[in-house]
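The structure appears right after this line, and notes come after that.
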Amino acid sequence: MEITEAVRSLDRDLKAVFGDRLRSVVAYGDAGGSDQAPAPTLVVVNGLTADDLRACADRMAAWHGAGLATPLILGAEEFGRSLDAFPYEFGAILADHLVVSGENCFEGLRVDPAHLRQACEVQARSHLLHLREGYLETRGRSDALAELLSRSMAPFAALIKSVARLQGDGAGDVRAAATAVEHTLAVPAGTLTALVNRSGGSLSSDEARRIFPGYLEAVERLTQYIDRWNADGR
C-alpha cells in the first residue's frame, strides 16, 4: 500500500484541526484511490466536537478534489467497541491498513469469527437478493444487465476478501482471497478470480450475458457455505 501526497496533505490538515488530540491517521483498502474508489482513511481522535466537524467540513471540497474519500472519524474507544457491530467493515480495515501518522490504535484488536460470519451472511444474502431483483428490473436488456453487474463487482470482491478472512486467510490481495474461496467451494479454478478481476471496470452487453449465470450460481453457493460455516471452518 502506498501513502500518496494527497493522504499526507490530509494528515497535515487533520493535525491543524485536532492538534494533540489527533491519535492516529490510518489509510486502508485502496489508499491510492481511483476514479471508481477514492482513497479511504480512518482518523482516531481524543474528543470530537461540532466545531471539529465544521472545520473538517470546510476542507471537504479540497479533500474530494484530491481524490480522497470522506474520512471516517472516531473517538479513541469507538473502533474497538464497534467491532461487534461492524465486523465486516471494520474487520476489512484491520486486515488491510497502514498507519500514516500517530500510534497503532488497532494493536491487540480482533474480530470475533462468529460476528464476522453473521455479517458475511447478511452481506451475501443481500447481494444475492439484489442480483435477482436487479436482473428482473433489467427487463431482459443486456445494457442494463451490464450496468447491474458492473455496480455489483466491487461489493462482491469485498465479500470474497471477508470470507477468506473468515477461513483464516488474512491475505489482502483479492485474487489470492478468490483462489482460497474457490478451493473451499470446489468451483473450477479461476471462476471467482475472473469475477473479482472485473471489479472497478465495465462490462459489455455480451460479456454480461455470458457471465451472469455463473456469477449468480457462485453467489448462491457462497451464501450456502457461509450459512453452514462454523468456527472449525466446516
**OP:** Determine if region 223-233 includes at least one residue that is at pLDDT below 90 and hydroxyl-bearing (Ser, Thr, Tyr).
**Re:** no
**OP:** Inspect region 75-98 for any residue being β-branched (Val, Ile, Thr) and at pLDDT 90 or above and give the result as yes or no.
**Re:** no
Original post:
Which residue, of 221, 141, 209, is among the charged types (D, E, K, R) and closer than 24 Å to residue 117 by Cα?
Top reply: 221
**OP:** State the number of residues belonging to region 65-116 that are more than 15 Å from residue 159 (Cα to Cα) and either in contact with a His (Cβ under 8 Å, 6 or more places away or on another chain) or assigned to a strand (DSSP E or B) (or both).
**Re:** 15
Original post:
Taking into account only those residues within region 51-93 that are among the acidic types (Asp, Glu) and closer than 20 Å to residue 19 by Cβ, which is surrounded by the fewest Cβ atoms within 10 Å (Cβ to Cβ)?
Top reply: 51
Original post:
In region 201-234, what count of residues is obtained for those that are on the phi > 0 side of the Ramachandran plot and either touching a strand residue (DSSP E or B) at 6+ places or on another chain (Cβ under 9 Å) or surrounded by 15 or more Cβ atoms within 10 Å (Cβ to Cβ) (or both)?
Top reply: 0
Subject >> Subset of region 175-234 (residues that are among the basic types (Lys, Arg) and either in contact with a helix residue (DSSP H, G or I) (Cβ under 6 Å, 6 or more places away or on another chain) or in a helix (DSSP H, G or I) (or both)) >> reply: 175, 198, 209, 210, 221, 228
Original post:
Does region 158-175 contain at least one residue that is touching a Phe, Trp or Tyr at 6+ places or on another chain (Cβ under 7 Å) and either of a type in the set (Lys, Arg) or at pLDDT below 95 (or both)?
Top reply: yes
Original post:
out of contact with any Gly (no Cβ under 9 Å at 6 or more places or on another chain), surrounded by fewer than 13 Cβ atoms within 10 Å (Cβ to Cβ) and at pLDDT below 90, is that true of residue 2?
Top reply: no
Original post:
Within the bounds of region 142-157, is there any residue that is part of a loop (DSSP other than H, G, I, E, B), out of contact with any Gly (no Cβ under 7 Å at 6 or more places or on another chain) and among the hydroxyl-bearing types (Ser, Thr, Tyr)?
Top reply: no
Original post:
Can you find even one residue in region 12-32 that is part of a strand (DSSP E or B), closer than 30 Å to residue 112 by Cβ and among the hydroxyl-bearing types (Ser, Thr, Tyr)?
Top reply: yes
Original post:
Quick check: anything in region 165-175 out of contact with any His (no Cβ under 6 Å at 6 or more places or on another chain), under 20 Å from residue 214 (Cβ atoms) and outside the structural domain of residue 74 (by TED's automatic domain parsing)?
Top reply: yes
Original post:
Any idea which residue in region 94-133 is nearest to the chain's Cα centre (by Cα), counting only those that are crowded, with 18+ Cβ neighbours inside 10 Å and β-branched (Val, Ile, Thr)?
Top reply: 111
Original post:
Hey, among the residues in region 141-167 that are charged (D, E, K, R) and closer than 16 Å to residue 222 by Cβ, which one's surrounded by the most Cβ atoms within 10 Å (Cβ to Cβ)?
Top reply: 161
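The values are calculated or read from the model by the stated rules, or taken from the named source; none is laboratory data. Quantities reported herein were computed from a predicted structural model and do not represent experimental measurements. Cβ coordinates were reconstructed from backbone atoms using ideal geometry, including for glycine residues, and neighbour counts include every protein chain displayed.
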